[in-house]
Amino acid sequence: MVSSPRRRKRLNEDEGSVLLLVMIFTIVVSLVIIPLLSYQQTVLRSNSVLSAKTARLEAVKAGTRIALADPAALYRTCGNAGPTVAVTLAGTTTSGKSVTTRCYFLDYQTAQDSNELRYGLVATQVGSSIPSALTGARYSPANPESASEWRSATTQFSETNRIWLPNLPIHSLDRRSPGGFQMPAGFTTCTVYFPGTYTDAVTLTGPTYFASGIYYFENTLTVQNGASVVVGLGATDGCSTDQDAAFYAVDAPVTHNISGLGGTLIFGKNGRLLVTNTASLGPSLVLNSRYVSAAEADTDTSAGLSIASVNGTPSQSAQDLTWSGSGALSIPYSLVGNVDPVSATSADYTPSNFHAKPSVPSKPTGVVATAYNGAAVVSWSAPSSGGSSITGYRVTSSSGATCTTSGSTACAVTGLANGSAVTFSVVASNVVGDSSASSASSAITPAVSSTALAVPTAPATPTAVAYAGAARVSWTAAATTTAPVTSYRVTSSPGGLACSLSVATSPPPTLRCDLLGLTNGTAYTFTVVATNAAGDSVASAASTAVTPTAGASTIPSTPPVVGALYQPTAVVEIDLANSSSSSILIPGYVSIPQGRLRVNNPSGLDVRMTGGVLAAQFDVTDARATGLQTVPIGFVEAVVQRVFRIESRSSGRESSIAIVQVNQNGAYAVNTWEVQ
C-alpha cells in the first residue's frame, strides 16, 4: 500500500514532537532531578554525621550524669584532686561511645564562718591538762588555779575565740524500748531507733540506724563487737533512712519525733557512751552532723552538737556543780532552749552522776571484831574514797565506846564491859564529809578470861644520818600480837629531843622521823618506842652515835604527796584496747564540761572527734600521737561543701564540662554546664 503525501507529513511531525519532548526531559533531568538527587545524598551524609555527633554529645552528658548519680561518693573521691590535678572517675560507654570523666577540686566551704571559730579544746577542772597531740585552738586561763574563770569566756553560740557552752534542746518524753525496732523482710537487716528518752541500758552489736533527732539517755549506750551504727541522715549512709524507718519499721511508734538531719545524744543521770572492740570484731560508729532549720525552735540548740551532758549537782534543782578542793570545779547547771531558757531539771532532764567532783566515801564493808579482856580489835575493808583520799575512820560500838584512825583499817576499842555482847560499825571520812555507817559486825562478848591487849614489842635498832644541826632516824616496824601500832616516838640522847610519827594512815608512811635543833659537834644516839591501845613498848636499843656538823648539808625536805585528780566514770569512753578494725566519727561538738573524756587507742585506729571538745578531764592515749596536733580529736574545721569541675570527653572532640557544688551530706547544685 502506498502512503499518501499527507500521511507521510503527519508522521514526520510526530517524530519531531517526540524528539522535542526527549530533549526537554533531558534538560529538566540535568537541571532539576540530578541536583535534587545530589542534594538528597548530601543531606543523608550530613544527617549521618550529625547523628554520630549527637550520640557522642549524649554520651559525654551521660558521663557527667553518672558522676553526679552518687554525690556523696563524688564528694569523697574528688576531694583528692586539685585545681590542675585530676582524679579519673570510672570510664563509661554509652550507645557504643567511650567516654572518660575526670574531676578537679576548685574550692570549698567550711561549716563555720570566720566569726564562728570557737575554742576547740577546753578543760574546765583545775589541774586537768589537754594532751598536746590533740588538734585545735585550746583555751588557756590567765589564772590556772581559778575554777570559774573559764565561765566568763563562754557564749551560748559558737563564736571565734570563745568557749561554746550550748543550751540543751527540748527532748521528747516518749519512753523508748532499749531493743529498738526491726526493719521487715525485703529490707536490709537493720535495727532502728527513734528520738525519745531511754532509761534502760542500750547495747548495739549489729547494723543499727538512729533516725534524725534528739536522744536522751539515762543509762549506758554501748557500741561493741561488730556493730555498724549511723546516727541520723547525712553524709554517711546507714542501714535505713528516716523515711523508711518511720514508714516501714515493724511496730514503729506513731509519734516518731524525727527532726532535722543528723543526731544529738544527750546523757544525764547514769547515761554515758561506751565504745569497745574485741580481738576479732571492731565497731563502726558515725554521728552525722546535726542540721536544724530555724523553724524548729524546740531543737535548734542541737545544731552542730553531737554529744552533751546534763550539768549541775545531781539530785538538786538548778544548782551549779562546784568544788573548791584539789581539782576545783565550777560548772553552771544546764539550761534548755535559746529563747527564754529554763533549767534542765524543769525540762525533765537529770544532771549526770558521772562528774569530776569528789563525793563522800562509800560505807566501809567487812567489819570484823575480836574480843579481848575489856576491849576489842576491829578491822574492816576500805571503801571507795569518792574521789578524795580518806582522811579517817571512826569505829563506834553499840555500847558507845569508840576508836579512830587517820586512814588505817584497824583499831582497838577499849573500856568495854566484860560479859556484855557488843557490835561495831564504821564510818569513813574525807574532805567532802562522812560516809554512811557500815553494817554492824557480828556480836562479840569481852570477858575477864579473854586475852588482854598487849603492847607492841620493842622496835629494832634504828639508823641515824647526821646533817647540819639535825638528824634523820629510820627504823623497821614493831611486831604486835593484839592491837595495831598507832604511832612511834623517837628520842635523842643527850638532850631528850623527840619527834613522833602517826602510822594509823592508809597507806602507812615511811618509818622515819627528823629531829631538828641538835647541837653541831655533839654526838647523839636515838631510841624508838612503839605505841598501841595497850600502851608503849619497851624502847629500842640505841642507834650508833652520829655527830651533826656545821659544814654538813641541810636535812633534805620531804615533798608533799600530791594526789592525782579523781577520775570519775567517763561520760564518753572509746576503749579500743584491741587492734581489730574500728572506726569512730563524731563530727559535731562534744559538750561534757563536768565529765571525763576517755580515749584508749593503742593501735592508732580511726577515731575522729572533729567538732571540738569541752570537758572537765581529757584522758587520751593514742598511738597516732607523734607530735603536736597529730591526733584528730579537738576542732578540725569541717569542710562541708566542695566545688568541682567535672569533665567528660568522648573519643572525638565532644566534651561536657560542669561546675558543681557538692555538700558533704550528698546534696549538690550545678552552677554551669557546657556541652560542645
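Every read-out reported here was derived from the displayed coordinates using simple, explicitly stated rules and does not represent laboratory data. Note that the structure is predicted; figures quoted are calculated from it, not measured. Cβ: placed from backbone, ideal geometry, glycine included. Neighbour counts: every protein chain shown.
Overview of values
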quantity: Within the chain, helix-based [θ] at 222 nm, where runs of 4 or more DSSP H residues each add -39,500 (n - 2.57), nearest 500; calculated: -3500 deg cm²/dmol
quantity: Net length gained if the chain between T205 and Q156 were fully extended (0.36 nm per residue, minus Cα distance); calculated: 14.0 nm
quantity: For the chain, diffusion coefficient by Stokes-Einstein and Kirkwood Rh (Cα), 25 °C, 0.890 mPa s, µm²/s; calculated: 76
quantity: Folded to 0 to 90 degrees: helix 34-68 orientation relative to the chain principal axis, Cα; calculated: 10
quantity: Over segment 359-453, relative contact order from alpha-carbon pairs under 8 Å, at least 6 apart, %; calculated: 38
quantity: The chain: angle of helix 5-28 to the longest principal axis, Cα-based, in degrees nearest 10; calculated: 20
quantity: Computed over segment 359-453, Kirkwood Rh from alpha-carbon pairs, angstrom; calculated: 13.2
quantity: Net +/- balance of residues flanking A62 in space, Cβ distance below 12 Å, scoring K and R +1, D and E -1; calculated: +2
quantity: Cβ-Cβ FRET estimate between A137 and N520, R0 fixed at 45 Å, reported to 0.05; calculated: 0.20
quantity: Protection proxy ranking of 326-336, 450-460, 424-434 - average other beta-carbon atoms within 10 Å, highest first; calculated: 326-336, 424-434, 450-460
quantity: Listed peptides 493-506, 582-595 by packing density, highest first (mean Cβ within 10 Å); calculated: 582-595, 493-506
quantity: The chain: antiparallel DSSP beta bridges as a percent of all, rounded to 5; calculated: 55
quantity: Amide hydrogen neighbours beyond the local backbone of L285, cut-off 5 Å, H modeled; calculated: V229, S583, I584, L585
quantity: All lysines inside 23 Å of K269 as judged from Cα atoms, apart from same-chain residues fewer than 8 positions distant; calculated: K357, K363
quantity: Proportion of all alpha-carbon pairs of segment 463-536 beyond 19 Å (%); calculated: 36
quantity: Globularity ratio of segment 116-226, using Cα Rg and 2.2 N^0.38 Å; calculated: 1.48
quantity: Relative contact order computed over segment 463-536 (Cα-Cα under 8 Å; 6+ residues apart), in percent; calculated: 41
quantity: The chain - percent relative contact order, Cα under 8 Å, separation 6 or more; calculated: 16
quantity: Amide H within-cut-off set for A541, under 5 Å, with H built and near neighbours excluded; calculated: T461
quantity: Karplus-derived 3J(HN,Hα), 6.51/-1.76/1.60, for each residue of segment 504-514, Hz, glycine and proline x; calculated: 7, 10, 9, x, x, x, 5, 7, 7, 8, 9
quantity: Counted charge near R649, where neighbours are those whose Cβ lies closer than 10 Å (Asp, Glu -1; Lys, Arg +1); calculated: +1
quantity: Space enclosed by the convex hull of the alpha-carbon atoms of segment 530-581, per residue, Å³; calculated: 347
quantity: Neighbour cut-off at most 14 other Cβ (10 Å), DSSP loop, chymotrypsin sites (Phe, Trp or Tyr not before Pro), segment 595-676; calculated: none
quantity: Cut-off 14 Å between beta-carbons: net charge of the residues surrounding A72, Lys and Arg +1, Asp and Glu -1; calculated: 0
